[in-house]
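Following: one structure in structure tokens, then a few remarks.
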Amino acid sequence: MTIDTANTEQQTYLPPALRPKLAKLGVQHLRDMLLHFPMRYEDQTQVRPISALIEGESVVVEGVVELAETKLKPRRQFVVLLREAGADGISNFAPRLTLRYFNFYPNIVQALKVGATARVFGEVRAGRYGLEMVHPVFKKAVTASSASGTLTPVYPSAGGVPQTALRTLATKARKVAEWQTDLLPRAITEALHLPVWRDAVQVLHQPAQSEPPLALETRTHPAWQRIKFDELLAQQMALRDAKTLRAGESAPAISPTGLLGEPLRQRLPFSLTASQERSLTEVLADMARATPMTRLLQGDVGSGKTVVAALAALIAIEAGYQVAFMAPTELLAEQHFNKLRHWLSDLPVTLTWLTGSLPAAEQKAAQAACKRGETQIAIGTHALFQKKVSFARLGLIVVDEQHRFGVEQRLQLRQRGQQDSERVLAPHTLMMSATPIPRSLAMSYYADLDVSVIDELPQGRQPITTKLVSEARRGEIASRIYAAVQQGAQAYWVCPLIDESELMEVELQNATALYADLVLLMPNVKVALLHGRMKTEEKAATMADFAANRVQVLVATTVIEVGVDVPNASWMVIEHAERFGLAQLHQLRGRVGRGAAASTCILLFADKLSDTAKLRLKVIYENTDGFVIAREDLRIRGPGELLGPRQSGLPSLRYANIEEDVELVEAARDVATKLEHDGTFNKTAFLDRWIKNRAEFAKA
Ligand code: ADP
Ligand code: MG
């Protein structure tokens, strides 16, 4: 971007024929090759005798050609038998190695004539007649390798970019002095025992043969540490920049009058936990400032985030502002709407319900109410943030289950503030998430957010008993549930999850069949079915029936996964639990254990579990703490999947691993703070080195 001067143009030239393929590897510019590090190395510096070959190794081997022939069966191939050099040709005991070429050119046949001494490089495999190599690279014997004393890098490749081309380009890239500059002050890297930039890059692209191979492979070598540290540092800085950008915007400074908040507190059947109070205080402090709040309220399933958001909303309303309250599904939005309507029933607050499934006329009316400023809390799905919806005085946006929303939606949200032309103030944003992110991950991924944590559950909650039961015993479980329901309990029965949308039909059939079975099995009990294909009103009516205990057993597809809150429900059965991810299982299980009764969650599983499925079920069986589950989830799946869409808006990490490199994450965060005020540090150059498309990123 910045260093394409006429002078470097020539040097930074990528071969046109390779350009499209290199682009697929993320290499658009020669400079990118510098950070395109090898995935492994081969030791071609030492020639191994045939007698010392080990299966699975890639080595250079030398021997005398004993036999060379073109075979036609079972497949046309050129087969060579190499005998240990120096061994007696007559001896049957001399070690031998078979070489096979399926595509071969006359030059190979020419070089591998009987009696010739040959040197080849390849992977040793066990063949039917002893050790062999398939398509080994032929090396001219005797001449010393040009890169003698160094390991040969093997680069990630795609689309047939040859390793030789990648090696040449990487070497070329290392010759551009400018890219070798260490942008970090030596005092900082020294304190962390990290090598200088040039050395780290050199070692990784072309390690001396003496470098410890294991440290290179496991990426624990100091050179790797340096690269990972820089990558993490760039991520920290970019996230902070995004935050600073926002801090430059203005928002309404709102302070509570207590006119609405106090009455709500008084009518709640409980008092807030200490964590809820603390989180609310943090939220209020942010809202009292004239810069927009961007706060994430994190708390495990059932920790009581909604009421904190409701109290924050009332404070905005007290000050004359509007609130938009957004949930990822209609069901959840509806539940919030009902809950808030109930909580605020005789307070002077106007609520509006707005989702995409409303009839056009009602949508229009709702939009008009938002625009004219009549509505004080608009509750709904992402339909709230369509272009045609505008607010007269939007002061606070609440986003429930924020991890369900993609970055684009987050972007849209933020733009809401600036869009209404006459109003220059940006709204405050409060996001909520029950996906507990391990600390290390939070530091890295949420560096641009302020985080409040509700780390305790309301008092009086009974622990949930989790049971793993083979689906063969479904009938038995149904009897237990039937007995419990007759004693006044309520139960969810969740149906298998099927991902592919064309399988929605099957999912529905399964749920319908199960529903029919349970109706037969449970006379005098009201069983209802809830699934994604039902009309919104039907879903809402069914949910309302369940909430009011007019329905005792709710057979549901995963539409109930997030947020649903019916405290009297104390039984949860999950069909095909092995198909669910850990976060989902935790969310589903969190639907029970919300009232005073002891709850049970039964995970039904099918035979023939995969290893990962077994692992997941073990984790959910042994743990109830969302943070522990998230950590295990991270271990099983890796951070990319855990974070879902949010990842796409971030410069994803290529080399560092958030979970394994936790110390580096911490160091990067500290150094980011130090460098903020270091006038000698060239931040622009540093970020350019690591983050492509930086302009796009800054917006997210
Ligand atoms: P989540 O954090 O999962 O969104 P909710 O906000 O749905 O949890 O709260 C779960 C349940 O706990 C609700 O029924 C809510 O009314 C109740 N609740 C919230 N705070 C408290 C509290 N301090 N004491 C008792 N119950 C509470
Ligand atoms: Mg919730």
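The values are calculated or read from the model by the stated rules, or taken from the named source; none is laboratory data. In this text the structure is predicted, and so the values were computed from the model without any measurement. In this analysis, Cβ positions are derived from the backbone assuming ideal geometry, glycine residues included, and neighbour counts consider all displayed protein chains. Quick note on the areas: whole protein, heavy atoms, side chains included, nothing else; ligands and nucleic acids left out. Shrake-Rupley method; radii C 1.70, N 1.55, O 1.52, S 1.80 Å.
The rows are residues; the columns are (1) modelled with pLDDT of 90 or more; (2) over 25 Å from the mean Cα position of the chain (by Cα); (3) crowded, with 19+ Cβ neighbours inside 10 Å.
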residue	(1), (2), (3)
Leu268	yes, yes, no
Ser271	yes, yes, no
Ala274	yes, yes, no
Glu277	yes, yes, no
Met287	yes, yes, yes
Ala290	yes, yes, no
Leu297	yes, no, yes
Lys305	yes, no, yes
Met326	yes, no, yes
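How many of the residues making up the range 353-391 are small (Gly, Ala, Ser) and touching a helix residue (DSSP H, G or I) at 6+ places or on another chain (Cβ under 6 Å)?
Just the residues of the range 353-391 that are small (Gly, Ala, Ser), to begin with: 356-357, 360-361, 365-366, 368-369, 373, 378, 380, 383, 390.
Now restrict to residues that are touching a helix residue (DSSP H, G or I) at 6+ places or on another chain (Cβ under 6 Å): 356-357, 378, 380, 390.
Residues meeting the conditions: 5.
Pairs meeting the criteria (first residue in the range 331-342 and free of Cβ contacts under 8 Å to residues at least 12 places away in the same chain and over 22 Å from Arg533 (Cβ atoms), second residue near ligand 1 (Cβ under 10 Å from one of its atoms) and open to solvent by 40 Å² or more (accessible area, probe 1.4 Å), beta carbons under 9 Å, at least 6 apart or on different chains) are lacking.
Taken over the range 274-298, the criterion of being part of a strand (DSSP E or B) and under 24 Å from Gly593 (Cα atoms) is satisfied by Leu297, Gln298.
So, in the range 362-381, how many residues would count as being in a helix (DSSP H, G or I), touching a Ser or Thr at 6+ places or on another chain (Cβ under 6 Å) and not small (Gly, Ala, Ser)? The number of residues fulfilling the criteria is 1.
The set of residues in the range 550-578 that are away from ligand 1 (no atom under 15 Å from the Cβ), polar (S, T, N, Q) and not in a helix (DSSP H, G or I) comprises Gln552, Thr557.
For the range 69-87, check the following and say yes or no: at least one residue is acidic (Asp, Glu) and at pLDDT 90 or above. It would help to see each step written out before you state the result.
The first filter runs over the range 69-87 and keeps only residues acidic (Asp, Glu), leaving 69, 84.
Cutting the leftovers down to at pLDDT 90 or above gives us 69.
Scanning the range 69-87, I find at least one residue that is acidic (Asp, Glu) and at pLDDT 90 or above, so the answer is yes.
Against the conditions (1) at pLDDT 80 or above; (2) loosely packed, with under 15 Cβ neighbours inside 10 Å; (3) under 46 Å from the mean Cα position of the chain (by Cα), Asn107 satisfies every one except (3).
Tallying residues that are crowded, with 19+ Cβ neighbours inside 10 Å, out of contact with any Pro (no Cβ under 7 Å at 6 or more places or on another chain) and touching a residue at least 60 places away in the same chain (Cβ under 8 Å) within the range 594-617 yields 9. When Pro427 is tested against (1) at pLDDT below 85; (2) buried (at least 19 other Cβ atoms within 10 Å of the Cβ), just one condition goes unmet, and that condition is (1). Look at (1) of a type in the set (A, V, I, L, M); (2) crowded, with 19+ Cβ neighbours inside 10 Å; (3) farther than 27 Å from Phe546 by Cα and you find that Ala583 fails only one, number (3). Test Ala319 against the criterion of being within 22 Å of Thr536 (Cα to Cα) and in contact (Cβ under 8 Å) with a residue 12 or more places away in the chain, and give yes or no. No. So for the range 248-265 (the condition being within 13 Å of ligand 1 (Cβ to nearest atom) and in contact (Cβ under 8 Å) with a residue 24 or more places away in the chain), does at least one residue qualify? The answer is yes, given that some residue of the range 248-265 is within 13 Å of ligand 1 (Cβ to nearest atom) and in contact (Cβ under 8 Å) with a residue 24 or more places away in the chain.
Does Leu609 qualify as being within 22 Å of Leu514 (Cβ to Cβ) and touching a helix residue (DSSP H, G or I) at 6+ places or on another chain (Cβ under 7 Å)? First the steps, then the outcome.
On the way: within 22 Å of Leu514 (Cβ to Cβ): yes; touching a helix residue (DSSP H, G or I) at 6+ places or on another chain (Cβ under 7 Å): yes.
In short, yes.
The combined condition, being outside any helix (DSSP H, G or I) and under 17 Å from Trp353 (Cα atoms), is not fulfilled by Val301.
Being within 16 Å of ligand 2 (Cβ to nearest atom) and more than 17 Å from Leu264 (Cβ to Cβ), is that true of even one residue in the range 302-315?
Residues of the range 302-315 that are within 16 Å of ligand 2 (Cβ to nearest atom), as a first pass: 302-313.
Adding the requirement that they be more than 17 Å from Leu264 (Cβ to Cβ) leaves 302-303.
Looking for residues that are within 16 Å of ligand 2 (Cβ to nearest atom) and more than 17 Å from Leu264 (Cβ to Cβ), one finds at least one in the range 302-315, hence yes.
Residues of the range 513-547 that are assigned to a helix (DSSP H, G or I), aliphatic (A, V, I, L, M) and crowded, with 17+ Cβ neighbours inside 10 Å: Leu514, Leu518, Ala540, Met543, Ala547. Taken over the range 566-596, the residue count meeting the criterion of being at pLDDT 85 or above and of a type in the set (Gly, Ala, Ser) is 5. Taking the options Ser652, Ser648, Ser599, name whichever one is at pLDDT 85 or above and among the small types (Gly, Ala, Ser). One residue alone meets the criteria, Ser599.
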